[in-house]
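*Asks:* Mind looking over this structure? Questions follow.
No value in this document is a laboratory result; all are computed from the given coordinates. Model, not experiment: these values are computed from the prediction. Counting neighbours? That spans all protein chains shown, and the Cβs are built from the backbone with ideal geometry, glycine included.
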């Protein structure tokens, strides 16, 4: 469904816009820190979609789903209600059954939050590791 | 797993304690209104558990899961971080494939929020309505 | 900041697209029902933004925030991971200190969920009702 | 409000029980990974409460709130609906304006997830770092 692509890199990250709504904030008046993991995941999903991969379709076709195995996040500045954020995705490492991504949240040129996320590919039924389906790896040569 | 029981009623509601954490609040400084639906569901789950029913076990044994089909909630007062709430469950109507529950959130004698929740029993695979498993209905005579 | 507008009506509802991500789903494989209230709120926020109103700015300028006082939601069909939804907003009633909105979630012409939401305007500090700021009401004649 | 205490340590961690509800799960059938950060925070809050500290009261009395500045989480095994978890808290480092905690999620003797969380103390209004209030540090000698 999509042409060969290159992995989003530090020089050319994938970008996805996220708006901050009431649901994202907490009583400190800022975005609840755990929610950046949601923002990061939306961006990863949209990155995959941008190269023609739907996770729901992938699961139905191959039985494989991606699961997060490690997250490291540093919070630098806060985001507030109505803020318009940009979430980036950079692939740092692509392995047979996992990948490591670097992600950041930006607001108008200010870095708010950054993290490293490791994703593993697992069989949805057994939750055991499996190879990333070739329809994904072949997208990136 | 449990002896015959009576349905929790207006005179004898089931009660479940809920503590308000950061995750539950929003930038208004209060509990985000959608989260009362989570509190209500925790109380329903604990009510079922109190009569010996685990939804995960029920699903594995019968293929049935409960889904919410209608909610009506009125918000009267706000809850804040660290508040200790009591969530009540009263069964208002028990039908072959659904039930209607009345639920309330209380803090120290003050009614914060109240709602009516209709739950349907559906087959987990097809999501089509099915009879509430007899292991549940026979609990209540 | 914006020209006079008309209220979104049944014949001309405001529409906001929402994508379903992992964060929105539950172990039933579908969107967790409480999350439609989040989707509805995003659409209301974007409707206000479309006529030039930022809730964060509104709060700083007037001290007023909108709070949800009543919700009635009927769930008809389920949404799944990756689904593209359209959330609509229709103003059914505009009063001095509150408004009642009708909202729906659609997927490719199928109505999934619909609700009525009553919003009150309150002072952020005291949480007591106040008049909807004139910069909002004058937008709609 | 509380007697001098010792910090929860590796040999004597603080423990807080958490039950898995529908709200915590995702379409993979397991607990959504970001939600472990919520579970960890509930345990930290209950640990503070166990030594007499309410964050809401702390904020009103001193203007200080705790914010998370760094999180590192490794996901080992999945939790499912109805699972009864134990969340632990161990203080690894206590500094004037921050602390580093080690936290784990357990189910029946199995380690599901573990993380390191750094918490900073900030002024709620300015969000700038401030010393941890002495009513907290003096609790621990």
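*Asks:* Would you kindly work out, in nm and rounded to one decimal, the distances from the label point of residue B:108 to those of the same position in each other copy, ordered shortest first, with label points 7 Å along Cα-to-Cβ?
*Replies:* Copy-to-copy label distances for residue B:108: 4.0, 4.1, 5.3 nm.
*Asks:* Here is a further query. Can you classify the range C:78-141 as rounded, prolate or oblate using the Cα gyration tensor, where a ≥ b ≥ c are the square roots of its eigenvalues, rounded means a/c under 1.5, and otherwise it's prolate if a/b beats b/c and oblate if not?
*Replies:* Judged from the Cα gyration tensor, the range C:78-141 comes out prolate (a/c at least 1.5, a/b above b/c).
*Asks:* Sticking with this structure for a sec: At a threshold of 8 angstrom on Cα-Cα distance, excluding pairs fewer than six apart, so keeping six or more, what relative contact order does chain A reach in percent?
*Replies:* Contact order relative to length: 31 percent.
*Asks:* Taking residue D:57 in one copy and the same position in all the others, each labelled 7 Å out along Cα→Cβ, what are the pairwise distances from the first, in nm, shortest first?
*Replies:* Between copies, matching label points for residue D:57 lie 3.9, 4.2, 5.7 nm apart.
*Asks:* Once you sort the root eigenvalues of the Cα gyration tensor of the range C:1-129 as a ≥ b ≥ c, which label holds: rounded (a/c under 1.5), prolate (a/b larger than b/c) or oblate (the other case)?
*Replies:* Prolate, since a/c reaches 1.5 and a/b exceeds b/c.
*Asks:* Could you tell me the distance between the Cα centroids of the range C:1-69 and the range B:52-106, to the nearest Å?
*Replies:* 26 Å
*Asks:* I would also like to ask the following. For peptide C:16-22, how many partner chain Cβ atoms fall within 10 Å of a residue's Cβ, on average?
*Replies:* 5
*Asks:* Here's another thing I want to ask about it. Could you work out how far helix A:35-50 tilts from the main Cα principal axis of chain A, as a 0 to 90 degree angle to the nearest 10?
*Replies:* Once rounded, one gets 40 degrees.
*Asks:* Continuing with the same structure: Would you work out if the protein assembly as shown is rounded, prolate or oblate? Take a ≥ b ≥ c from the square roots of the eigenvalues of the alpha-carbon gyration tensor; rounded if a/c is under 1.5, else prolate when a/b is larger than b/c, oblate otherwise.
*Replies:* rounded
*Asks:* Averaged over peptide A:74-81, how many Cβ atoms belonging to another chain are found within 10 Å of each residue's Cβ?
*Replies:* Neighbouring Cβ atoms belonging to other protein chains average 4 per residue here.
*Asks:* Additional query: Taking the label point 7 Å from Cα in the Cβ direction, how far apart in nm is residue B:95 from each other copy of itself, listed shortest first?
*Replies:* From this label point to the equivalent ones elsewhere in the assembly: 3.0, 5.4, 6.1 nm.
*Asks:* If you count, for each residue, the other Cβ atoms within 10 Å and average over each peptide, how do D:129-137, A:62-70 line up from highest to lowest?
*Replies:* A:62-70, D:129-137
*Asks:* Who wins for biggest fluctuation among A:125, A:105, A:43 in a Gaussian network model of chain A, springs between alpha carbons below 10 Å?
*Replies:* Looking only at A:125, A:105, A:43, the biggest GNM fluctuation is shown by A:125.
*Asks:* Using only the C-alpha atoms of the range B:48-93, find the volume of their convex hull and express it per residue in Å³.
*Replies:* It is 151 Å³ per residue.
*Asks:* So, one more: Taking every residue in B:63-72, how many Cβ atoms of other protein chains lie within 10 Å of its Cβ, on average?
*Replies:* Averaged over the peptide's residues, the number is 5.
*Asks:* Helix-derived [θ] at 222 nm for chain D: sum -39500 (n - 2.57) over DSSP H runs of at least 4, divide by residue count, nearest 500?
*Replies:* Here the helix-only value at 222 nm equals -5500 deg cm²/dmol.
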